[in-house]
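For reference, the structure is listed below as C-alpha cells.
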Amino acid sequence: MSYTFKIAGAEDMPQVYQLLQKVFRPTYGMILTGAQMDWMLANIFSEEELCRQQANRRFRFILLCQNNELSGFSALEQDYGGRAFCCKMHKLYLSMDTQGKGLGRLLIAKSMEQARALGQKELILNVNRYNKAFHFYEKMGFEVLYEEDIALAEGYFMNDYVMGKKL
C-alpha cells in the first residue's frame, strides 16, 4: 500500500469531518453516553469548528492518505496555551479499517516531525482515562503528566490523562 501525508487545506475539511463522523461513535461508544457524543459532535467536532481550527495559523491538520483516500488525520496546535515550544495534539483518528495496522505509529511520527519543524520541544495530548488508545500512546513513549477533568456544557465532562513526550 502507498501512504502519503499532506497538510490539510480548507478544501480537505469536509473529508476530515466525514471521517470523524464515522469513527467517533465506535471509538467512544463504550466510554461516553450517546447524548454526550451527540453534544460533542455538534459542538467540539462540528464541521464549522474544524474549519475554524484549520484556518488558524497555529493549527496544522496532517492527513494520512492511502491511494488518495483519507485514512486518518491528526491536528496539532503550536505554542499551546501560550506555552512557547509546547505543541498539543488535539486529535488523532484513523478509519476503522486501518486501525491496528501500524498507521497510528506513522501518523504520530509525522506529527512529531511536523511539531519539530514548527520549533516545538514537547508534544502533549489528552486521552480519556478509559480509552484503549492510552496504551498505544504509552508504547509511543508518552508519559502521564497529570489527570484532568474538563467540564463541558450540559453537565458533561472529559475525564482525561494529559500525556507528554519530549521532542
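The values are calculated or read from the model by the stated rules, or taken from the named source; none is laboratory data. Bear in mind that the values here come from a model prediction, so they are computed numbers and not experimental data. Here the Cβ is made from the backbone with ideal geometry for all residues, glycine too, and neighbour counts use every protein chain on show.
Below is a table of values for the structure above.
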read-out	value
Yes/no for residue 144 being buried (at least 17 other Cβ atoms within 10 Å of the Cβ), among the β-branched types (Val, Ile, Thr), touching a strand residue (DSSP E or B) at 6+ places or on another chain (Cβ under 7 Å) and at pLDDT 95 or above	no
Where a residue in the range 143-167 is under 29 Å from residue 113 (Cβ atoms) and its partner, wherever it lies, is in a strand (DSSP E or B) and of a type in the set (Gly, Ala, Ser), with Cβ under 6 Å and at least six apart	145/164
Sole residue being under 20 Å from residue 16 (Cβ atoms), surrounded by 13 or more Cβ atoms within 10 Å (Cβ to Cβ) and at pLDDT below 95, chosen from 118, 76, 70, 107	118
Matching strands (runs of 3 or more DSSP E) fully within the range 114-167 where at least 3 residues are farther than 21 Å from residue 27 by Cα and not aliphatic (A, V, I, L, M)	157-166
